[in-house]
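Read through the structure below, which is laid out as structure tokens, and then see the notes.
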Amino acid sequence: MNQNKTILIVDDVEVDREILKEILNDYFTVIEAANGEEALKIIQEQAESLKAIMLDIVMPNFDGFSVLESIKDKKAGSLPVFLITSEATRDNVSKAMQFNVAGIIRKPFDRETILHHLSQSVGGIAYQLSVPEILETRKYIKQLELSYNTYLDNFGKDAGHWLRVVELMKILLRHYAEEEKGAGLDDNSIEVIAGAAYFCNIGDMVCQKVLRKDGSMSDSDHTFHGANIIRFNYSFKCSFFVSVCAEMCLQHHERFDGTGFPNRLAGNEISVYAQMVRLCEDFDENLFRYGQKNIARFDFIAQMLAEDEGAYDRNMLWLLNDCKLDIAAYYRTLK
């Protein structure tokens with residue numbers, strides 16, 4: 001364990017602290033607080049050694065939001081804080097945004113989701129997919145493709161667009177892995193994350209069949225349906241794929257400035273992979289909208305995306321531009 005990588009877990013439920021310790025012990029030194037007052041004392045004494053805080057929202061007397069209020073103007077206010085909750089209600093998400101928390105961790109805890117969140121904010125986590133996990137994930141992807149591709153064919157949807165998004169994701173992920181050494185991405189995890197991008201709009205499959213009583217359908221309905229489809233009937237060996245893919249389904253319409261849907265997430269509350277898939281979607285859609293089957297208009301489209309103020313993290317736009325030559329080479333292979 002690295003003494004320079006310390007995580008503070010704040011939760012009044014001992015069993016929840018034990019589960020989190022079991023997940024984190026391989027990567028961090030873990031210290032615990034059973035209530036908000038105890039947490040504040042630890043933060044005051046050890047703020048410089050902490051890498052992140054995992055903070056339960058619901059605690060007696062002094063809850064998670066009270067802790068955030070107490071530290072927001074202090075040195076510890078710059079630490080990544082992940083709120084722990086059993087119910088990520090719109091009200092909780094809205095409050096969390098006011099404190100610019102790094103993310104929300106839902107109960108029951110999912111190991112891959114937690115490590116995924118921490119790898120983005122803290123780094124140093126190189127989670128390796130095992131061979132059984134890879135094989136089971138490929139099997140699950142094939143299962144999803146059977147129904148999703150049938151839907152795309154029957155409703156005249158462009159499957160080619162999503163295949164191109166997958167390839168764009170691979171390009172961006174490879175560059176991202178080179179630039180962000182702490183991202184912990186190897187070839188297998190890149191394959192799984194890029195493969196998840198194909199299904200980020202899979203909720204449309206349900207929304208074509210299930211409408212409200214008045215025949216309408218809200219913009220956000222398909223995001224929730226998509227996440228539910230991905231989470232239904234999967235093997236625990238596919239949990240990394242399911243975590244990433246469900247997150248993409250829920251967040252690929254969020255905007256970096258917090259004006260997207262369904263939850264108006266902002267900044268680092270949005271998964272880096274959900275941000276990436278939105279950028280790949282928009283890039284390919286605009287490329288073909290203008291009748292171009294090649295990359296000749298790359299600069300024009302990249303500038304158009306950059307001018308959509310607040311839609312994307314600037315780092316994502318820079319990443320896209322860094323990948324220009326590889327993206328151009330890919331589009332030249334298309335007929």
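Within the set of pairs 6+ apart or on separate chains, which have a first residue in the range 183-204 that is over 19 Å from W162 (Cα atoms) and part of a loop (DSSP other than H, G, I, E, B), a second that is open to solvent by less than 30 Å² (accessible area, probe 1.4 Å) and among the β-branched types (V, I, T), and C-beta atoms under 6 Å apart?
G184/I125
How about the range 134-181: which of its residues are open to solvent by 30 Å² or more (accessible area, probe 1.4 Å) and more than 24 Å from I229 (Cα to Cα)?
R174, H175, Y176, E178, E179, E180, K181, listed by residue number.
With respect to F28, is the statement that it is open to solvent by less than 60 Å² (accessible area, probe 1.4 Å), farther than 14 Å from F82 by Cα and aromatic (F, W, Y) true?
Judged against the criteria, F28 is a match.
Quick one: how many residues across the range 248-293 are in a loop (DSSP other than H, G, I, E, B), open to solvent by 10 Å² or more (accessible area, probe 1.4 Å) and aliphatic (A, V, I, L, M)?
Looking only at that region, the number is 2.
How about the range 1-51: which of its residues are among the hydrophobic types (A, V, I, L, M, F, W, C), under 18 Å from N61 (Cα atoms) and not in a helix (DSSP H, G or I)?
Passing the criteria: I9, V10, V13, A33, A34.
Only one of A296, A306, A329 is surrounded by fewer than 18 Cβ atoms within 10 Å (Cβ to Cβ) and at pLDDT below 90. Can you tell me which?
Among A296, A306, A329, only A296 is surrounded by fewer than 18 Cβ atoms within 10 Å (Cβ to Cβ) and at pLDDT below 90.
I'd like to know if the range 49-59 contains one or more residues that are surrounded by 13 or more Cβ atoms within 10 Å (Cβ to Cβ), more than 30 Å from P262 (Cβ to Cβ), at pLDDT 90 or above and in contact with a helix residue (DSSP H, G or I) (Cβ under 6 Å, 6 or more places away or on another chain).
No: zero hits.
Quick one: what pairs do we get from the range 155-181, first residue over 16 Å from Q275 (Cβ atoms), second hydrophobic (A, V, I, L, M, F, W, C) and open to solvent by 20 Å² or more (accessible area, probe 1.4 Å), C-beta under 9 Å, 6+ apart or different chains?
F155/M205; D158/F288; G160/F288; G160/L334; H161/F288; R164/F288; R164/L334; R174/L185
Quick check: anything in the range 67-85 more than 16 Å from F99 (Cα to Cα), in contact with a helix residue (DSSP H, G or I) (Cβ under 8 Å, 6 or more places away or on another chain), open to solvent by less than 10 Å² (accessible area, probe 1.4 Å) and part of a helix (DSSP H, G or I)?
no
The values are calculated or read from the model by the stated rules, or taken from the named source; none is laboratory data. Computed from a prediction, not measured in an experiment: that's the story for all the values here. Don't worry about glycine lacking a Cβ; one is built from the backbone with ideal geometry, like all the others, and counts go over all protein chains shown. Heads up: the accessible areas ignore ligands, DNA and RNA and are worked out on the full protein's heavy atoms, side chains in. Shrake-Rupley method; radii C 1.70, N 1.55, O 1.52, S 1.80 Å.
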